[in-house]
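Notes follow the structure.
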Amino acid sequence: MPIKEPKELFVLMLSNLRQGTERTTKLYQEFSQLAEDPDVKEALAARAFVSENTLATLDQCFKLIGEQPVKPSGRLQEVFAEDVRRELAEIQGPVAKRLYILSKAIVLTHLRIAEYVALVAAADLSGHYGVGVLLESSLANKLAFVERTRRLIGKVVEARVAERMAARTAA
């Protein structure tokens, strides 16, 4: 689809974000099921829930600009998911699996964050300030998830270090 006007680009970018959010929601659900650690499982399930709500927000953005999503053509997330599944199958240790799943969740979220930053600017540029507000609220959710995941990674590492210290003390 040739892009001639800034609004067409905005609709395409918003469509890509919406499609990516749908796929990300499914990936969070899948990662949650693959996670063995209850804290990781719960965090990813909560992220999937928030991501589902984000879809409604993105639908409202389309409504405000009077457009419908277009069919994006990207395969980035499909390739990402295939790689995660393959690499996760090779990881044996439970701590390593936890860290791997959490790190991949952060990578996926940072990809979404970059899209949101660009779209907030595009919404402001196009005069759709209400859309900018909706997008920024979703962006805030993404930033909060990154911070929560960072803390969960710290918790996993602290627990592992405590185990090692206890083993050394006992020896």
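Taken together, the values in this text are just the output of simple stated rules run on the coordinates, not laboratory data. Everything numeric here is computed off the predicted structure, so don't read it as measured data. When we count neighbours, we look across all protein chains shown, and the Cβ atoms used for this are built from the backbone with ideal geometry, even at glycine.
Answer yes or no: is there a residue in segment 60-75 that is within 25 Å of VAL95 (Cα to Cα) and among the polar types (S, T, N, Q). Show your work before the answer.
Initially, segment 60-75 is screened for residues within 25 Å of VAL95 (Cα to Cα), giving none.
No; the residues of segment 60-75 include none that is within 25 Å of VAL95 (Cα to Cα) and among the polar types (S, T, N, Q).
When you scan segment 82-104, how many residues do you find that are surrounded by 11 or more Cβ atoms within 10 Å (Cβ to Cβ), within 19 Å of GLU36 (Cβ to Cβ) and out of contact with any Lys or Arg (no Cβ under 8 Å at 6 or more places or on another chain)? Spell out how you get there, then give the answer.
Going residue by residue through segment 82-104, those that are surrounded by 11 or more Cβ atoms within 10 Å (Cβ to Cβ) are 82-85, 87-88, 91, 94-104.
Filter again for within 19 Å of GLU36 (Cβ to Cβ), leaving 84-85, 87-88, 91, 94-104.
Right, trim to out of contact with any Lys or Arg (no Cβ under 8 Å at 6 or more places or on another chain) and you get 85, 87, 94, 96-104.
Final tally of qualifying residues: 12.
Give me a count of the residues in segment 109-129 that are surrounded by 13 or more Cβ atoms within 10 Å (Cβ to Cβ) and either in contact with a helix residue (DSSP H, G or I) (Cβ under 6 Å, 6 or more places away or on another chain) or at positive phi (or both).
So the answer is 12.
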